[in-house]
Amino acid sequence: MKHECKTIIVSDVHLGTKGSKAKELVRFLKQYRCKNLILNGDIIDGWQLRKSGKWKRKHTRFFTKILKMIEEDGTKITYLRGNHDDFLDQVLPFTVGNLKICRDTIYESNGKKYYIVHGDVFDSVTSQFKWIAKLGDIGYTFLLWLNRQYNYRRLKKGLPYFSLSQKIKGKVKQAVKYIDDFETQLAAMARYKDCDGIICGHIHQPAMKMIDGIHYMNSGDWVESMTALIEDKNGEWDLVYYSESDQKEKQQAEKEDNTIDLKDYFEKENEASGLKVKNA
């Protein structure tokens, strides 16, 4: 049974990298039927693919799922360009059928206007000094590698996924200040655009908050936090976290429901036929 909703927003999937949770994202999308799917930048990681990234089957399956959503549900797909998929600059703007590719968009929800943009344009390091940003990307790649090693050991111990990289970033004062400044700049841009709110990605920091009267929302990412923004039919927004452990428990419960205990089965059959079986 799929959940019905109006809009789903995801960002920072970074297809083409080892850290991409493409498989989990496909599982997540299979749970929903939506009118609009907004891919808010850094869906494909062109930076990594040009260096050492690898395109895997699970990355292709993500786009297969997107096409099925268009074909089966009539979902409208809006792909907003991010800094890691800046190769899209060569085709912007582009529209074919239910697919639109652009830099930003204004979305109306429940009588309010939201400015939707990836967010890198407000990052002076990324937009003006790309070589510095790519140097920082190397350090971030290492942090994600460390995160995978850490969670591999947690998995062997039966422990749930934990974002070590998010924890480290949260402890670094410069990172916290950068996030605060970023959010403030985005809120100011929404006001400049005469919008009631702003929806972004880029910094891999999921959030829903009010900043100086502006509704700020960040869809997070599918590398660390595995989060999405979902708008229901009434125009209410929720920040949803995907939990792989919860999914495994659900699948196991469904499997158990469909599993017949042979001992119980034969006892019921014997009772129905009026037979009594003594223990040997």
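FYI, it's all coordinate maths here, none of it is from the lab. What you see is a predicted model, and the numbers here were worked out from it, not measured in a lab. Virtual Cβ from ideal backbone geometry, glycine too; neighbours counted across all protein chains shown.
Under the classification rounded if a/c is under 1.5, otherwise prolate if a/b is larger than b/c and oblate if not, where does segment 178-245 fall, given a ≥ b ≥ c as square roots of the Cα gyration tensor eigenvalues? Walk me through the numbers on the way to the answer.
Numbers: a/c = 2.80, a/b = 1.38, b/c = 2.02.
Note, shape of segment 178-245 comes out oblate.
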Task: Listed residue pairs exceeding 32 Å between alpha carbons, taken from Lys54/Lys76; Lys56/Lys193; Lys18/Lys68; Lys30/Lys112; Lys100/Lys156 - done: Lys56/Lys193; Lys100/Lys156
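Grab the other residues whose beta carbon is less than 13 angstrom from that of Tyr32, score K and R as +1, D and E as -1, and report the net.
On the way: positive: Lys2, Lys6, Arg27, Lys30, Arg33, Lys35, Lys65, Lys68, Lys233; negative: Glu4, Glu72, Asp73, Glu231, Asp232, Asp238.
That works out to +3.
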- [ ] For His118, list long-range residues whose amide hydrogen, built 1.01 Å from N in the peptide plane, is under 5 Å from its own amide hydrogen.
- [x] none
TODO: Could you order peptides 38-44, 206-212, 181-187, 113-119 by the average number of other Cβ atoms within 10 Å of their residues, highest first?
DONE: 38-44, 113-119, 181-187, 206-212
